[in-house]
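Have a look at the structure below before the remarks.
Read the figures in this text as sums done on the coordinates, not as results from a lab. This is a predicted model, so every value here is computed, not measured. All Cβ positions, glycine included, derive from the backbone under ideal geometry; neighbour counts span all protein chains shown.
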Amino acid sequence: MKLQFLVNKLFIPFLVASLFSFKAIGQLKATSSSNETINLVVDLNATGVKIQPTMYGIFFEDINFAADGGLYAEMVKNRSFEFLDSKMGWLEPNSNKLSLNNQSGYLSPIKYAGQNTNQTYARVEVKGPKYELINEGFRGMGVKKDAKYNLTINAKKFSGDITKIKIQFIDSLNNVLGETIILPKGKNWKSYETQLTASKTILKTKLKFTFEGTGEIDLDMISLFPVDTWKGRKKGLRKDLVQLLDDLNPGFLRFPGGCIVEGRTLARRYQWKKTIGNIEDRELLVNRWNTEFAHKPAPDYYQSFGLGFFEYFLLSEDLGAEPLPILSCGIACQFNTGELVPMEELDPYVQDALDLIEFANGSISTSWGKLRADMGHPEPFNVKYLGIGNEQWGEAYIERYEVFHKAIKAKYPEIVLVSGSGPFPDGDYFEYGWEELKKLNVEIVDEHYYRQPQWFRDNANRYDSYDRNGPKVFAGEYAAHPKDVEDGSKENNWETALSEAAFMTGLERNADVVNLTSYAPLMAHVDAFQWAPDMIWFNNLESYGTANYYVQKLYGNNSGTDLIAITRDGKAVTGQNDLYATAAKDMIKKEVIIKLVNTSNQPKSIIIDLTGYKLKSKGEIIVLSHPNLMGINSFEDPFTISPKETEYILKRNKAELSLQPYSFSILKFNL
């Protein structure tokens with residue numbers, strides 16, 4: 001995720017002056033009504049450009065509580081007491097250690113002896129029956145009626161005789177919504193597992209612990225997951241969110257970011273080796289977004305890495321998507337400290353990249369391949385792509401990238417490396433990055449752009465003039481940001497989605513240059529987000545796809561395999577008269593797919609002459625539209641802007657139709 005748009009919002013003058021080149025941008029303009037019929041021609045024989053299977057994919061970053069509190073289905077916050085404030089997330093309503101009259105009890109963080117990755121556990125001193133320990137969850141815990149939840153806890157008695165721990169779901173009025181017990185035994189650590197069943201559906205519950213007996217008991221790794229996770233995996237991923245991702249039919253999954261790769265400092269960068277192995281041995285890290293936005297502080301935002309690199313690879317496999325991991329290149333976020341690893345100290349960073357490839361692809365006879373097998377996946381993940389750096393810029397990035405490139409290609413020449421052109425789609429940094437990366441004969445350059453909707457409509461021809469013999473393009477992060485719209489889900493309005501649909505015709509039309517594309521950010525917790533707009537919004541129980549989501553879904557499920565020409569008067573349709581178009585054949589499904597975007601407030605009469613091949617007359621048309629550019633989806637009305645499919649009859653290889661105002665339409669015919 002970028003700080004680029006934040007810079008614009010905060011009006012840092014020197015950066016705005018030197019790096020931004022915004023045009024005067026406004027809402028879509030009304031156009032006068034016209035009876036003109038627009039004639040388009042599709043030449044079904046004019047193929048030759050392949051649309052890559054990776055054309056439309058997913059970019060995931062742990063921003064907006066997208067991992068802990070989101071995709072990763074853990075419900076207990078600070079489960080192992082590792083936050084900088086060890087008691088954060090834990091409440092003791094009847095405790096006051098400083099009170100002489102305190103007869104209930106108290107929780108004290110204790111450090112393990114030795115060099116444990118998991119450094120802290122909790123010692124609970126119980127003096128009487130009134131002591132309660134409560135975990136608040138990630139902005140609460142959502143539970144569903146009759147659903148089951150697995151609770152695990154490590155415990156050992158320290159002194160006295162606590163005979164029972166009762167665990168309950170409670171609502172805001174302290175009503176019990178489900179309970180279970182464990183019976184702790186012995187003075188050695190032991191793992192206990194039990195299950196709760198919720199009696200009601202509640203968006204925000206808490207988890208309460210009460211104790212029978214008195215004494216001191218040690219607790220650690222207190223964890224709660226729904227039984228009904230994605231593919232039923234224990235301690236797995238949230239089912240509804242993964243289903244939304246799966247429905248996108250993604251060609252790739254880029255992870256783990258984003259600026260999260262870089263870190264505010266190098267010490268707080270994302271290190272993949274710390275995110276694999278046993279979950280309890282993964283080293284917690286402060287999330288870099290916890291204090292990034294002054295108007296959206298999130299001091300309780302950490303990374304447990306329960307969703308780590310192994311789980312990302314597994315998710316990619318589940319989705320049928322190529323994994324695209326991104327690694328630190330030895331530069332901390334240049335919008336923060338810009339800390340650099342000296343060139344003579346870069347070797348460990350390069351070795352991390354080589355070891356990652358071995359972890360993903362190596363045989364079980366290799367050390368890292370064996371670890372993958374020990375984690376339950378002896379088969380290789382067959383990684384083909386690897387990104388070096390997120391959106392660094394300048395000479396420091398180029399010289400470090402070159403070191404990675406040489407080392408990786410020497411050992412793994414088959415790996416396709418993704419480089420970056422910086423955080424902006426134009427300007428000095430962008431031009432310098434492209435010039436230098438071309439000299440290095442890089443394979444793919446990652447471009448990022450967060451701009452207002454008009455920019456996307458104006459730039460549908462952005463890649464028409466790119467060098468066909470140069471590096472390929474990864475449109476790695478983009479989203480239309482509306483002007484003067486309330487922060488939050490209202491930023492995902494129909495104007496932004498429609499403008500992205502128009503822009504994406506240009507991505508697809510230039511499939512010989514553009515090989516990968518992904519919207520960003522992917523998802524956001526409605527009660528804990530730092531950045532908007534976002535493609536998917538969720539709370540503790542529900543989730544929905546925005547209008548932008550459905551644009552991405554329509555492209556991902558209707559990409560085709562071979563580009564074909566669609567023209568008006570012999571020219572590509574790139575926004576003339578507010579019309580955008582692209583066409584493709586799917587040689588696997590034996591289909592012709594035509595995408596049409598009308599950004600005007602008037603219907604458009606279209607005739608498409610399909611030449612060169614006989615088509616079956618019975619087809620279908622899919623329409624995504626809304627009469628109000630400010631229209632949005634919401635938890636209350638999640639399908640307000642969603643695709644509508646109807647049958648369409650083709651007559652003598654001519655398609656005649658009236659495009660709705662403000663619409664994205666897809667015509668499909670069988671060969």
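By the count of other C-beta atoms within 10 Å, a proxy for reagent exposure, 44, 498, 183, 554 are ordered fewest to most as 183, 44, 554, 498. For a modelled paramagnetic label at residue 235, 7 Å from Cα along Cα-to-Cβ, the residues of segment 265-301 in reach, with backbone nitrogen under 18 Å, are 273-285. Under the simplified labelling scheme, the residue 642-residue 562 pair shows an inter-label distance of 3.5 nm, with each label point 7 Å from Cα along Cα→Cβ.
In order along segment 194-199, the Karplus-derived 3J(HN,Hα) couplings, from 6.51 cos²θ - 1.76 cosθ + 1.60 at θ = phi - 60°, round to 8, 9, 10, 10, 7, 8 Hz, and Gly and Pro are given as x.
What relative contact order, as a whole-number percentage, does segment 272-410 give when Cα pairs under 8 Å and 6 or more residues apart are counted? Let's see the in-between values first.
Details: 167 pairs, mean separation 31.2, N = 139.
Value for segment 272-410: 22 percent.
Working note: Karplus 6.51/-1.76/1.60 with θ = phi - 60° gives segment 219-230 the couplings 10, 7, 6, 7, 9, 9, 10, x, 5, 7, 9, 4 Hz, where Gly and Pro are set to x.
Remark: the residue 163-residue 115 segment gains 14.2 nm on full extension, using 0.36 nm per residue and subtracting the alpha carbon distance.
By the beta-carbon count within 10 Å of each Cβ, the least crowded to most crowded order of 435, 262, fewest first, is 435, 262. Spatially, segment 273-343 and segment 167-186 are offset by 33 Å when compared through their Cα centroids.
R0 = 45 Å: FRET efficiency of residue 280 with residue 406, Cβ-based, nearest 0.05? Please list the in-between numbers first.
On the way: r = 38 Å, r/R0 = 0.85.
Using R0 = 45 Å, I get an efficiency of 0.75.
For the chain, adding -39500 (n - 2.57) for each run of n ≥ 4 DSSP H residues and dividing by the number of residues yields -5500 deg cm²/dmol at 222 nm. Using +1 at the Cβ of each Lys and Arg and -1 at the Cβ of each Asp and Glu in the chain, identify which of 638, 178, 154 lies farthest towards the dipole's positive end. Of the listed residues, the answer is 178.
Ordered by the number of other Cβ atoms lying within 10 Å of each residue's own Cβ, fewest first, 328, 108 fall into the sequence 108, 328. The spacing between segment 191-221 and segment 491-511, judged by their C-alpha centroids, is 47 Å. Note on residue 577 and residue 469: the extension gain reaches 35.7 nm, defined as 0.36 nm multiplied by sequence separation minus the Cα-Cα distance. Given contacts defined as C-alpha pairs under 8 Å and at least six residues apart, what's the relative contact order of segment 444-600, whole-number percent? Worked out over segment 444-600, it gives 21 percent. Each Lys and Arg adds +1 at its Cβ and each Asp and Glu adds -1 at its Cβ; summed about the Cα centre, the chain shows a dipole of about 1500 debye.
Using the Cβ atoms and a cut-off under 11 Å, what net charge is assigned to the surroundings of residue 498, where Lys and Arg are +1 and Asp and Glu are -1?
Working: positive: 457; negative: 495, 500, 578.
Residues near residue 498 contribute -2 overall.
Beta bridges from DSSP with both residues in the chain: antiparallel share about 75 percent, rounded to the nearest 5. Once both labels are positioned 7 Å from their Cα atoms along Cα-to-Cβ, the gap between residue 527 and residue 379 label points is 4.0 nm. Quick one: Cα centre-to-centre distance for segment 610-625 and segment 421-469, in angstrom? If we compute the Cα centre of each part, the gap is 34 Å. Shape of segment 296-423 from the C-alpha gyration tensor: oblate (a/c of 1.5 or more and a/b not above b/c, with a ≥ b ≥ c the square roots of its eigenvalues).
Give, as a single signed number, the net charge of other residues whose beta carbon lies under 9 Å from the beta carbon of residue 579, with Lys and Arg counted +1 and Asp and Glu -1. Don't skip to the answer; put the middle values down first.
Working: positive: 568, 604; negative: 578.
With Lys, Arg at +1 and Asp, Glu at -1, the neighbours total +1.
In the chain, which helices (entire DSSP H runs) extend 20 Å or more along their own long axis, judged by Cα positions, while averaging at least -0.5 on the Kyte-Doolittle scale? Correct list, ordered by number: 347-361, 494-509. If you plug the beta carbon distance of residue 441 and residue 649 into 1/(1 + (r/R0)^6) with R0 = 60 Å, you get a FRET efficiency near 0.75. Taking the DSSP bridge list for segment 407-566 and keeping only pairs wholly inside it, about 15 percent are antiparallel.
If packing is taken as the average count of other Cβ atoms within 10 Å, what order do 170-182, 117-129, 224-236, 589-601 fall into, highest mean first? Before the final figure, lay out each step's value.
Values: 170-182: 14.7, 117-129: 18.2, 224-236: 16.5, 589-601: 22.3.
Most protected by this proxy first, the peptides run 589-601, 117-129, 224-236, 170-182.
With the simple model of a label 7 Å out from the Cα in the direction of the Cβ, residue 267 to residue 180 spans 3.9 nm. Relative contact order for segment 90-226: 33 percent, from Cα pairs under 8 Å spaced at least 6 residues apart, divided by residue count. The calculated FRET efficiency for residue 671 paired with residue 487, based on their beta-carbon distance and R0 = 41 Å, is about 0.30.
Full extension of the chain between residue 602 and residue 542 gives 18.0 nm of extra length, using 0.36 nm per residue less the Cα-Cα distance.
Students often get this wrong, so check it: of 87/127; 204/239; 206/231, which have C-alpha atoms separated by over 22 Å? From 87/127; 204/239; 206/231, over 22 Å: 206/231.
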